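Quick notes on the structure that follows.
What follows is calculated from the coordinates using simple rules that are stated; it is not laboratory data. Note that this is a predicted model, so its numbers are computed, not measured. Neighbour counts are summed over all protein chains in view; Cβ atoms, including those assigned to glycine, are modelled from backbone coordinates with ideal geometry.
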Amino acid sequence: MPSGHTPSPAALPQTHPCTVREVRRLTPDSVLVTLDPGDRLDRFRHRPGQRVTFCLDLQDRTCFRSYNLVNPAGKLPQVAVKKVTRGGAAEHFNDVLRIGDVLNVVPPEGTLYSEQIDRQARHLILFAAGSGITPIFSIAQHALRARPDHHVTLFYANSSTRDIMFAKELEALANSARMEVFHILGDGGTGEDDSSGRLTGPRVAKLMNQYGGGDLPEHAFLSGPQGFMEAVEAGLQTAQRPIAYSRYSFIHQPHLHPADPGVDTLTSTVTVQTKAGTKVLEEVPRHLTLLEAADQAGVDMPADCRSGICHRCKARLVAGRTVAKPDQAGKKSLPTGWILCCQERPASGQLDIELP
Ligand code: FES
């Protein structure tokens with residue numbers, strides 16, 4: 001669409017005004033926003049995994065952005081938004097939005113969770129990474145209410161405990177004898193078995209053999225970055241029995257304002273050369289460190305402290321630019337051309353690094 005094009009009213013989805021009733025911090029970089037649609041509350045009843053779309057006027061443009069509804073059935077609509085970039089919609093929700101603001105919102109849409117699922121008792125196996133938890137959290141809440149004989153197992157991957165969204169709420173859900181929650185943390189885990197590292201394909205296959213395979217028919221749901229979902233899919237496909245699954249796509253936005261490019265985030269393609277071969281990380285958001293991006297994509301990188309001290313994550317910068325996290329002043333510096341992957345973020349479209 002050429003820039004300067006004015007959208008015709010027919011091309012725009014119908015929105016309803018919703019007043020912001022609460023903005024609650026979930027993690028240092030995410031918030032839970034409660035909306036009040038007034039007398040249109042009925043239009044905002046949702047199926048698990050559905051999302052609403054906001055028509056936002058940011059400083060430089062109008063854009064549509066969709067987020068999953070995470071409220072329990074019958075309550076005011078809520079979305080959880082994680083800040084991933086500067087200047088985008090997620091920053092607006094995290095840093096600008098105030099109680100009493102009025103947002104124009106397209107009612108819930110999406111078909112992730114089929115009504116078929118609830119026609120019989122099932123074991124729902126949920127895989128989420130980072131903010132990918134939002135549709136999965138909604139599914140977990142729904143499944144426990146929908147039938148007294150559904151069982152739910154959640155595997156939730158994050159870089160560290162501080163990144164866990166809905167930590168308390170998940171703990172409360174896990175009090176049910178019908179739900180188990182396993183946290184998997186890139187920075188070393190919770191001390192429980194199998195709680196550290198990344199979810200790779202072989203690890204998912206092993207988890208399936210360990211925690212699945214009971215009497216109930218199984219259905220898996222996947223939600224997270226592309227590399228994470230590919231790893232989980234590979235694991236499900238190599239498990240000892242076939243497992244039906246559905247995957248949630250964050251990339252596809254149901255509505256696009258004609259004058260908006262559709263993405264807030266600048267991304268980079270990062271090529272990682274190791275002695276074992278070359279891996280390409282696609283669409284790496286620039287707020288992630290290279291180590292976090294590798295974690296999310298299921299690529300193994302050496303790392304220990306994750307705070308710029310041990311130098312185990314050292315890499316040679318072959319091409320492209322990076323930018324250091326702000327708190328790097330005073331840390332021991334590396335020879336020119338070398339970087340610490342736990343401290344540097346991509347700053348160019350293409351980046352090539354080589355691990356020693
Ligand atoms: S993991 Fe220790 S310096 Fe990066």
Checklist entry - Quick one: putting +1 on the C-beta of Lys and Arg, -1 on the C-beta of Asp and Glu, what dipole do you get for segment 13-109 around its Cα centre, in Debye to the nearest 20? => result 280 debye
Item to check | Under 9 Å, Cβ to Cβ, from residue 231 - net charge with Lys/Arg +1 and Asp/Glu -1 | outcome: 0
Checklist outcome for this item: Rounded to the nearest 500, the 222 nm mean residue ellipticity computed for the chain from DSSP H runs (n ≥ 4, each -39500 (n - 2.57)) alone is -4500 deg cm²/dmol
Checklist entry - Where nothing but the Cβ of Lys and Arg (+1) and of Asp and Glu (-1) is charged, how large is the charge dipole of segment 116-247 around its Cα centre, in debye to the nearest 20? => result 280 debye
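Would you work out the charge dipole size for the chain about its Cα centre, treating the Cβ of every Lys and Arg as +1 and the Cβ of every Asp and Glu as -1, and quote it to the nearest 20 debye? Numbers along the way, then the final one.
Values: 39 positive and 38 negative charges, 58 e Å.
The calculated dipole for the chain is roughly 280 debye.
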Checklist outcome for this item: the chain, Gaussian network, Cα under 10 Å: of 235, 308, 214, the residue fluctuating most is 214
Checklist outcome for this item: Under a Gaussian network model of the chain whose springs join Cα atoms within less than 10 Å, the largest fluctuation of 219, 46, 252 belongs to 252
Checklist outcome for this item: Net charge (Lys, Arg +1; Asp, Glu -1) of residues whose beta-carbon lies under 15 Å from that of residue 35, residue 35 excluded, is +4
Checklist outcome for this item: Once both label points are put 7 Å beyond Cα along the C-beta direction, the residue 347-residue 174 separation in nm becomes 3.9 nm
Checklist outcome for this item: P(r) of segment 116-247 over all Cα-Cα pairs, 5 Å bins starting at 0, rounded to whole percent, reads 2, 11, 23, 25, 22, 13, 4, 1
Item to check | Listed residues 134, 186, 164: farthest to the positive end of the dipole of segment 116-247 (Cβ charges) | outcome: 134
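In segment 199-300, which trypsin sites (Lys or Arg not before Pro) fall in coil by DSSP and have 13 or fewer other Cβ atoms within 10 Å? Before the final figure, lay out each step's value.
Numbers: sites: 203, 206, 247, 275, 279, 286; in loops: 275, 286.
Here the sparse-neighbourhood loop sites are 275.
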Checklist outcome for this item: Simple SL model, points at 7 angstrom along Cα→Cβ for residue 160 and residue 252; separation in nm is 3.6 nm
Checklist outcome for this item: Lys and Arg at +1, Asp and Glu at -1: neighbours of residue 97 with Cβ under 11 Å from its Cβ sum to -3
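Please find the FRET efficiency linking residue 75 to residue 211, where r is the Cβ-Cβ separation and R0 is fixed at 41 Å, and quote it to the nearest 0.05.
Efficiency computed from Cβ-Cβ geometry: 0.85.
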Item to check | Projected label distance in nm at residue 323 and residue 121, using a 7 Å step from Cα toward the beta-carbon | outcome: 5.4 nm
Checklist entry - Can you give the Rg to Rh ratio for segment 267-354, taking only C-alpha atoms and Rh from Kirkwood? => result 0.92
Checklist entry - Given the chain, what percent of its DSSP beta bridges are antiparallel, to the nearest 5? => result 60 percent
Checklist outcome for this item: DSSP beta bridges in segment 267-354: the antiparallel percent, rounded to 5, is 75 percent
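How many times 2.2 N^0.38 Å is the alpha carbon radius of gyration of segment 13-109? List each step's numbers first, then the result.
Working: Rg = 12.3 Å, N = 97, 2.2 N^0.38 = 12.5 Å.
Cα-based Rg divided by the globular estimate yields 0.99.
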Item to check | Rg/Rg_globular for the chain, with Rg_globular taken as 2.2 N^0.38 Å and Rg from C-alpha atoms | outcome: 1.03
